[in-house]
Amino acid sequence: MNRGLGRALFAGLVLTVLAVPAWADRRTDERLGALEARMERIDRLMSNNALLEMATRLDAMQEELRQLRGQNEELRHEVETLRSRQRELYLDLDRRIQAAAEAPASAAPPVATPASPLPGAAPAPAASSGAEAAPATGVAPAGERDAYRDAFNLLKDGQYPQAIEAFRGFLARYPQSGYAANAQYWLGEANYVSRDYPAAVGEFRKVLDQYPDSNKVPDARLKLGFTYYELGEWAKAREALNDVKAKHAGSSVARLADERLARMQREGH
């Protein structure tokens, strides 16, 4: 009996020893499962925070993009406005240059003589035998004609500072020339395309004051209005453009003046 009891006790001890690792493994598995669950919760929280931060950053970037797009639209509008003004300026200049270029090529304007002075100008001195004297036919001498054409070609080639100096020199040398009114107008135009608007105002006004019967007066009035527009002097621009419409109704300059007035109204000036 004692021997059988001993054997039973030994067998139970062995079973107990063998059962311990299984129990420990279950506890370990439970702890590992709990840790994994906690890690999953932490991962979800971290992911949620990361997503929230990313969403915030995305919103900020989208707002910045909207602002940049708005600024880009404003810049595009300004560029288109400047391009439109540039096209108007050069189309207008090209039209006038071609018209003026055709006139001197076909027949030079008559030069004022003592018997027929230019309106608004002092009587011309008596003709002499020199190169600057006007022939009896009233055709400008070659030197005068070439000086005007040289100045005009500088303007046509876009050499505006040189053209300004050339037209000033021409007017100083040939103040009674039949080309004087045209030279005065192109002097204003050269300053206009050079963006020296205050100087352009003065030169265009000289056309109106010194050559009131010249065929350049309507153009000078129109460009005076355009120049005030560029200076931002809206009241003066409106007055000059309305003056063009009143004094030259039905003409191309009146139409251009009306278009610029409509543009001013659209722009809120």
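The values are calculated or read from the model by the stated rules, or taken from the named source; none is laboratory data. Because the structure is predicted, anything quoted here is derived from the model rather than measured. Glycine also receives a Cβ, built like all others from the backbone with ideal geometry; neighbour counts cover every protein chain displayed. For accessibility, only protein heavy atoms count, side chains too; no ligands or nucleic acids. Shrake-Rupley method; radii C 1.70, N 1.55, O 1.52, S 1.80 Å.
The single condition among (1) at pLDDT 95 or above; (2) open to solvent by 60 Å² or more (accessible area, probe 1.4 Å); (3) more than 22 Å from PHE167 (Cα to Cα) that ARG205 does not meet is (3).
Taking the stretch 144-200 as the range and being assigned to a loop (DSSP other than H, G, I, E, B) and over 18 Å from VAL217 (Cα atoms) as the test, the residues that pass are ASP157, GLY158, GLN159, TYR174, SER194, ARG195, ASP196.
No other residue among ALA240, ALA257 is in a helix (DSSP H, G or I), within 25 Å of LEU171 (Cβ to Cβ), open to solvent by less than 50 Å² (accessible area, probe 1.4 Å) and among the aliphatic types (A, V, I, L, M) apart from ALA240.
Out of curiosity, is LYS223 at pLDDT below 95 and surrounded by 15 or more Cβ atoms within 10 Å (Cβ to Cβ)? Criteria not met by LYS223.
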